[in-house]
Amino acid sequence: MAEEPGTASYSGSLEGVRAMMSSGMIGEALLERAGKIAAEAVRSAPRGGPDDPHAGRYQDSFHVGLHYNSRYHRIEAKVWNDAPEALFVEKGTVNNEAHHTLMRAATSARP
């Protein structure tokens, strides 16, 4: 059956989509975006005061990496902070206000 002018058809391939979603091209694009998120997180992260024995540790503990999600058959970029206090800085405590550094960095990097 002929297609009408100005229309298109698509016949998807699950294996093709899986291959594309785990390709180097997608990985590079995800790493670029994750790098922007990490850079913004470092820029906006609290450093601690002069009396803080770990001043700058949180700011210096952001990382970026790729991970293959076998459940969804795709590559994912991750940005994380492995400082011992990372959860408390991000989410806050009873005595300290949450900074939401990583959440704000991710939000600001949206296209």
- Query: For the range 30-42, in order, what is each residue's ³J(HN,Hα) by Karplus, 6.51 cos²θ - 1.76 cosθ + 1.60 with θ = phi - 60°, in whole Hz (x at glycine and Pro)?
  - Reply: 5, 5, 4, 5, 5, x, 5, 5, 4, 4, 5, 5, 5
- Message: Under the rule that an exposed site lies in a DSSP loop and has at most 13 other Cβ atoms within 10 Å, name the longest stretch of the chain with no trypsin sites (Lys or Arg not before Pro) of that kind, not counting the sites themselves.
- Response: 1-46
- Message: Can you tell me, using C-alpha contacts under 8 Å and at least 6 residues apart, the relative contact order of the range 14-108 as a whole percent?
- Response: 28
- Dipole check, the range 14-108, charges on Cβ (K,R +1; D,E -1), about Cα centroid: among TYR72, VAL94, PRO46 the Cα furthest to the positive pole belongs to TYR72
- Message: Amide H of ALA83 versus every other amide H placed in the peptide plane: which residues, excluding those fewer than 5 positions away on the same chain, fall under 5 Å?
- Response: none
- Could you give the size of the charge dipole of the range 18-67 about its Cα centre, using +1 on the Cβ of each K and R and -1 on the Cβ of each D and E, expressed in debye and rounded to the nearest 20? 180
- On the formula 1/(1 + (r/R0)^6), with r taken between the Cβ atoms of ASP82 and ASP51 and R0 of 35 Å, the FRET efficiency rounded to 0.05 is 0.90
- Quick calc, the chain, dipole around Cα centre from Cβ unit charges on Lys, Arg (+) and Asp, Glu (-), nearest 20 debye, gives 60
- In this structure, the FRET efficiency calculated for LEU66 and MET103 from their beta-carbon separation, with R0 = 22 Å, to the nearest 0.05, is 0.60
- Item | Residue-wise HN-Hα coupling along the range 4-16, computed from phi with Karplus coefficients 6.51, -1.76, 1.60 (Hz; x: Gly, Pro) | 6, x, x, 10, 9, 10, 9, 10, x, 10, 4, 5, x
- Cα gyration tensor shape for the chain, rounded if a/c is under 1.5, else prolate or oblate: prolate
- Item | For the chain, the longest site-free run once chymotrypsin sites (Phe, Trp or Tyr not before Pro) in DSSP loop states with at most 15 other Cβ atoms within 10 Å are removed | 11-71
- Query: For the chain, what is the mean residue ellipticity at 222 nm derived from helices alone (per DSSP H run of n ≥ 4: -39500 (n - 2.57); sum divided by total residues; nearest 500 deg cm²/dmol)?
  - Reply: -11500 deg cm²/dmol
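We did not get these values from a lab; they are worked out from the coordinates using the rules stated. The model shown is predicted, which means the values in this text are computed figures rather than measured ones. Cβ atoms come from the backbone with ideal geometry, glycine included; neighbour counts cover every protein chain shown.
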